[in-house]
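Only one structure is covered here, and it is reproduced in the block below.
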């Protein structure tokens, strides 16, 4: 009779992390655009200086609009952002700079408005804060956490495990109950 | 007449899973009744077709085409003008040229039958489309009308540029009717000469909302002007769609060898003979339709090739780059090993 040594080992399928690959330097302005929209998010000095240098290059080439937003979650700032997108014409190139949370959320909003990857360029000045998407209550939490770490969901209070998977459409890292199955 | 009915019954597509498709759902070769004929201009005949037993027809994506028999073994592809949603009839508009279209103009009568195949979708709307810019030149209005109707049904907005010669504006009234419906978000712009068309193209491409996709169908001159204007207006290629109905003239090309991977059979293709003709002559079965590099029917998988000269208008730049497929009717190359 075989000896029972405990529960069978958990079978973990091969993991394929999908993490954003941010450039180490601000990307250049796409000169094929016929107008530009520069978005500086979060109010930091790094973001402002990148936005300024983009603005100088872009404005010399084509009509350029600058949007400076403190907080993409603030309803007024969000309305401003949507207004800028609504006024933009096809042919525009969008340059986004700010902290990782704000950049990912802004890019998701732009994609939802039909942006193609070739029209978007982004630079992240600070990776401390992640957008964390709760798979249970579907809210997005701004959290200081690394992929693989844990964060408290602002929507349902669950402790979430942040998976190594950033969803472009959601503009957030997928996360699920870190305590699931625990009694 | 039961014998006739059984021989004209729709052929169910040989698919493992047909889902919840209705009993009339069929895409294979079958005969439909001609239930309406209307002369739109002196050269354009509008044809309405219905299932002989009154069943609904297979739905289709806007911009799809129907392949119809066109006499003496010819089969032509015509864009469907409906929006594709739960159709009771299929409608096409046939411009009379030589060959198949003249046969259709001559032969079709209400109450008669016509063999069709499809619909096939080669010119669909993009799923992320926020607005559509639809550009039609001449009889290229047919898929544009389909897209405009689909936009209206979905409550979406569209701007239509219709370039035509005065007196030859098939479906212009249909476009105006769409634009004039209460709450319609369709706008129609007309151009009646080359200069006006260019000016309108430039103006419209410079002022479309973010997230617009553009679609054009018409003669090659119009399509070239359209692609050029779109690039100048900064549109990424992923937003610029077109359907050609006239293929460019091609030179006879150099002779080359093609190998059928499964059998090792070598087929010599002389100058002036297409890969398709060479394969068919050697008894290799290949499906084909337009023989102009337009329809995509004769796409063959390529295992290896010393060189590929893509001369079709079907494959995208990335698909050409990858070299995984070749359109046998027009494209050539050197030492092509076909994955057949």
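Going by what's in this entry, would residue B:237 be described as touching a helix residue (DSSP H, G or I) at 6+ places or on another chain (Cβ under 7 Å), within 14 Å of chain A (Cβ to nearest Cβ) and under 30 Å from residue A:111 (Cβ atoms)?
On the way: touching a helix residue (DSSP H, G or I) at 6+ places or on another chain (Cβ under 7 Å): no; within 14 Å of chain A (Cβ to nearest Cβ): yes; under 30 Å from residue A:111 (Cβ atoms): yes.
Criteria not met by residue B:237.
Name the residues in the range B:171-206 that are under 23 Å from residue B:221 (Cα atoms), out of contact with any helix residue (DSSP H, G or I) (no Cβ under 6 Å at 6 or more places or on another chain) and not in a helix (DSSP H, G or I), would you?
Hits for the range B:171-206 are B:190, B:192, B:193, B:206.
Across the range A:58-104, what is the total count of residues that are touching a residue at least 60 places away in the same chain (Cβ under 8 Å), buried (at least 17 other Cβ atoms within 10 Å of the Cβ) and not in a helix (DSSP H, G or I)? Before you say what the answer is, go through the steps one by one.
Just the residues of the range A:58-104 that are touching a residue at least 60 places away in the same chain (Cβ under 8 Å), to begin with: A:73, A:93, A:95, A:97, A:100, A:102-104.
Then drop every residue that is not buried (at least 17 other Cβ atoms within 10 Å of the Cβ), which leaves A:93, A:95, A:97, A:100, A:102-104.
After this cut, where a residue has to be not in a helix (DSSP H, G or I) as well, the list is A:93, A:95, A:97.
Looking only at that region, the number is 3.
Please indicate, with yes or no, whether at least one residue in the range B:158-172 is surrounded by fewer than 21 Cβ atoms within 10 Å (Cβ to Cβ) and touching a strand residue (DSSP E or B) at 6+ places or on another chain (Cβ under 6 Å).
Quick first cut of the range B:158-172, residues surrounded by fewer than 21 Cβ atoms within 10 Å (Cβ to Cβ) only: B:165-169, B:172.
Next, only the ones that are touching a strand residue (DSSP E or B) at 6+ places or on another chain (Cβ under 6 Å) stay: none.
No, there is no match, as no residue in the range B:158-172 is surrounded by fewer than 21 Cβ atoms within 10 Å (Cβ to Cβ) and touching a strand residue (DSSP E or B) at 6+ places or on another chain (Cβ under 6 Å).
If I go through the range B:121-141 residue by residue, how many of them are within 14 Å of another protein chain (Cβ to nearest Cβ) and in a loop (DSSP other than H, G, I, E, B)?
The number of residues fulfilling the criteria is 6.
Might you check whether a residue that is buried (at least 22 other Cβ atoms within 10 Å of the Cβ), within 14 Å of another protein chain (Cβ to nearest Cβ), touching a helix residue (DSSP H, G or I) at 6+ places or on another chain (Cβ under 7 Å) and touching a residue at least 40 places away in the same chain (Cβ under 8 Å) occurs anywhere in the range A:41-51?
Within the range A:41-51, none of the residues are buried (at least 22 other Cβ atoms within 10 Å of the Cβ), within 14 Å of another protein chain (Cβ to nearest Cβ), touching a helix residue (DSSP H, G or I) at 6+ places or on another chain (Cβ under 7 Å) and touching a residue at least 40 places away in the same chain (Cβ under 8 Å).
Within the range A:159-181, can you find the residues that are more than 14 Å from the chain's Cα centre (by Cα) and surrounded by fewer than 22 Cβ atoms within 10 Å (Cβ to Cβ)?
Result: A:159, A:161, A:163, A:176, A:177, A:178, A:179, A:180, A:181.
Would you be able to tell me the number of residues in the range A:21-40 that are crowded, with 17+ Cβ neighbours inside 10 Å and either in a loop (DSSP other than H, G, I, E, B) or away from chain B (no Cβ under 14 Å) (or both)?
So the first thing to find is which residues in the range A:21-40 are crowded, with 17+ Cβ neighbours inside 10 Å, and the list is A:26, A:29-30, A:33-40.
Within this subset, residues satisfying the condition of being either in a loop (DSSP other than H, G, I, E, B) or away from chain B (no Cβ under 14 Å) (or both) are A:26, A:29-30, A:33-34, A:38, A:40.
Residues flagged as crowded, with 17+ Cβ neighbours inside 10 Å and either in a loop (DSSP other than H, G, I, E, B) or away from chain B (no Cβ under 14 Å) (or both) within the range A:21-40 amount to 7.
Taking the options A:94, A:85, name whichever one is under 15 Å from the mean Cα position of the chain (by Cα), modelled with pLDDT of 95 or more, within 14 Å of chain B (Cβ to nearest Cβ) and more than 19 Å from residue A:127 (Cβ to Cβ).
Details: A:85 fails: under 15 Å from the mean Cα position of the chain (by Cα).
None of the other options fit; the residue is A:94.
Could you look through the range B:198-228, keep only residues that are free of Cβ contacts under 8 Å to residues at least 40 places away in the same chain and at the interface with chain A (Cβ under 8 Å from one of its Cβ atoms), and pick out the one that is surrounded by the most Cβ atoms within 10 Å (Cβ to Cβ)?
It comes out as B:206.
Among residues belonging to the range B:268-278 that are outside any loop (DSSP other than H, G, I, E, B) and without any contact (Cβ under 8 Å) to a residue 40 or more places away in the chain, point out the one that is surrounded by the most Cβ atoms within 10 Å (Cβ to Cβ). Talk me through it step by step, then tell me what you get.
We begin by selecting, within the range B:268-278, every residue outside any loop (DSSP other than H, G, I, E, B); these are B:268-269, B:275-278.
Filter again for without any contact (Cβ under 8 Å) to a residue 40 or more places away in the chain, leaving B:268, B:277-278.
Working: B:268: 11, B:277: 17, B:278: 20.
Among them, the one singled out is B:278.
Condition check ((1) touching a strand residue (DSSP E or B) at 6+ places or on another chain (Cβ under 7 Å); (2) part of a strand (DSSP E or B); (3) assigned by TED's automatic domain parsing to the domain that holds residue B:237; (4) surrounded by fewer than 23 Cβ atoms within 10 Å (Cβ to Cβ)) across all residues:
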| position | (1), (2), (3), (4) |
| --- | --- |
| B:78 | yes, yes, no, no |
| B:103 | no, no, no, yes |
| B:143 | yes, no, yes, no |
| B:146 | yes, no, yes, no |
| B:152 | yes, no, yes, yes |
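Here's a check for you: in the range B:240-267, which residue that is assigned to a strand (DSSP E or B) and more than 28 Å from residue B:125 (Cα to Cα) is farthest from the other protein chains (Cβ to nearest Cβ)?
Checking each candidate, the answer is B:266.
Any residue that is free of Cβ contacts under 8 Å to residues at least 60 places away in the same chain, more than 13 Å from chain B (Cβ to nearest Cβ) and part of a helix (DSSP H, G or I) - is there at least one of those in the range A:105-121?
Checking the range A:105-121: not a single residue is free of Cβ contacts under 8 Å to residues at least 60 places away in the same chain, more than 13 Å from chain B (Cβ to nearest Cβ) and part of a helix (DSSP H, G or I).
The values are calculated or read from the model by the stated rules, or taken from the named source; none is laboratory data. Everything quoted here is computed from the prediction, not taken from an experiment. Note that each Cβ is placed from the backbone with ideal geometry, even for glycine, and that neighbours are counted across all protein chains shown.
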